[in-house]
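Any read-out appearing in this document is the output of simple, stated calculations on the displayed coordinates, not a laboratory observation. These numbers were taken from a predicted model, which means no experiment stands behind them. So basically every Cβ, Gly included, is an ideal-geometry build from the backbone, and we count neighbours across all protein chains shown.
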Amino acid sequence: MHIFITGGAGFLGSHLTELLLAQGDDVWVLDDLSTGSIENIEHIKNHPSFHYRVDSVMNAPLVAELVDRCDAIFHLAAAVGVRLIVESPVRTIETNIRGTEIVLQAAAKKKKRVLITSTSEVYGKSEKLPFREGDDLVSGPPTKGRWSYACSKAIDEFLSLAYWKERRLPVTIVRLFNTVGPRQTGRYGMVVPNFVRQALNGEPITVFGTGKQSRCFGYVGDVVEALSKLIRTQNAVGEIFNIGNDEEVSIKELAHRIRRITQSQSEIVYVPYDQAYEEGFEDMPRRVPSLEKIGQCIGYRPKTSLDEIIEKVVEFERNRRAGATPLAASASSLKMPVSVMQQSSPPAAQP
């Protein structure tokens, strides 16, 4: 297949790109590098089936050109991370809604297969656990900035399904539950890489709130396998799926596990939400997915335990600090010929 990935130089996008190339697909990536990094794709830039452009998903003519080149689209480009969402609500809303609209409009003209990545955040304050795809979405008030992200992604879902129902655009929506793994940055508040960095530095491990809030962490390798299967599955069209892990852990327990695995002596300290983010910040006490629907559709079950995920993140971070090239191991699975010197398309100017 010829596949177009928006946000393909990001954490999730780069892992997905690797998998698709290993499967023999031709991959085009678009990323403005605002939260992604050229380092994530440096090791595959010379792959003969890889092509990339440095530009924004807001560039509608370029998006239309890349959609036209490909058979299917993974739309991953979005504002990510609680800190970024709180600090840049305008960017969050505009990027998430307008970017998705541009992708859907271009895909609808040629009836190209589209997979839209949404988030577990859309479940909001719902207390009905585990979260199922048909459940009500319970949002907080618009005066609380963090809910702007959830609402923008919910609008993406409504818009995507509208394109399916009205214009028969073959769309699949996935709600990601805390995907983690190597290459993820803690820059925007991602808890696992932040805790790992603090533990390896011997710094205090900072738990926001009481630490009693719980999450489920899915391994990026398991997640991208599911994404690849869903976009090739006809029964997934017009449907919403949770993807992640259903192994629940409190953030306090997560901090203790990371300290144990890293053999760190770091103190675990608790920081009130008001200090960490903004006054009156609201959080979800639990976030647990039902994986029944995706299991029935493609046989999905997470294969990687939380301790294994932590160990992979710790190994990656230690290699990075030691000056090793941890990305090279991933490149070996792509079976690139040593003689390959073909360069991907030169990047366009970033807006």
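Descriptive notes on the structure:
- Residues of region 274-300 with amide N under 16 Å of a point placed 7 Å along Cα→Cβ from E127: 283-288
- Seen from I261, the other residues with C-beta closer than 12 Å to its C-beta sum to a net charge of 0, counting Lys and Arg as +1 and Asp and Glu as -1.
- According to the Cα-based calculation, Rg over Rh for region 109-258 is 1.01, with Rh computed by the Kirkwood formula.
- Local electrostatic count, D68, Cβ distance below 10 Å [Lys/Arg +1, Asp/Glu -1]: +3
- Sorting D55, D68, D246, D156 from the fewest to the most surrounding beta carbons within 10 angstrom yields D68, D246, D55, D156.
- Result for the chain in a Gaussian network model with C-alpha springs under 10 Å: among F74, F208, F241, the largest mean-square fluctuation is at F208.
- Relative contact order of the chain, pairs being alpha-carbon contacts under 8 Å that are 6 or more residues apart, as %: 21 percent
- For the pair E247 and K144 in one chain, pulling the backbone fully straight at 0.36 nm per residue adds 34.2 nm over the alpha carbon distance.
- MRE, 222 nm, helices only [DSSP H, n ≥ 4, -39500 (n - 2.57), over the chain, to nearest 500]: -12000 deg cm²/dmol
- Fewest-first ranking of H75, H2, using other Cβ atoms within 10 Å as the exposure measure: H2, H75
- Summarising the strand pairing of the chain, around 10 percent of its internal DSSP beta bridges are antiparallel.
- Binned Cα-Cα distance frequencies in region 21-175 - 5 Å width, integer %: 2, 8, 17, 19, 19, 16, 11, 6, 2, 0
- One Cα centroid belongs to region 256-305, the other to region 174-233; the line between them spans 7 Å.
- Among L137, L129, L291: highest mean-square fluctuation, GNM of the chain, C-alpha pairs under 10 Å: L129
- Column: log10 I(q)/I(0), Debye, Cα scatterers of region 225-317, q = 0.12, 0.25 Å⁻¹: -0.60, -1.23
- Leading residue at positive end of dipole, region 177-322 (Cβ point charges), from S290, V191, L230: L230
- Extension gain, E87 to Q275, is 66.3 nm, computed as 0.36 nm per intervening residue step minus the present C-alpha separation.
- Label positions at K165 and K229, each projected 7 Å from the Cα along the C-beta direction, are separated by 2.9 nm.
- Spread over its residues, the convex hull of the C-alpha atoms of the chain is 128 Å³ per residue.
- FRET efficiency for M1 and F158, using Cβ-Cβ distance with R0 set to 22 Å, rounded to 0.05: 0.20
- Average projection, convex hull of the Cα set of region 56-127: 5.5 square nanometres.
- Each other residue within a Cβ distance under 15 Å of E203 adds +1 if Lys or Arg and -1 if Asp or Glu, for a net charge of +1.
- Taking V220, V138, V103 in turn, the Gaussian network model of the chain (Cα-Cα springs below 10 Å) assigns the largest fluctuation to V138.
- FRET efficiency for R260 and D136, using Cβ-Cβ distance with R0 set to 30 Å, rounded to 0.05: 0.20
- Subtracting the Cα-Cα distance of E65 and S34 from their residue separation scaled by 0.36 nm leaves 9.0 nm.
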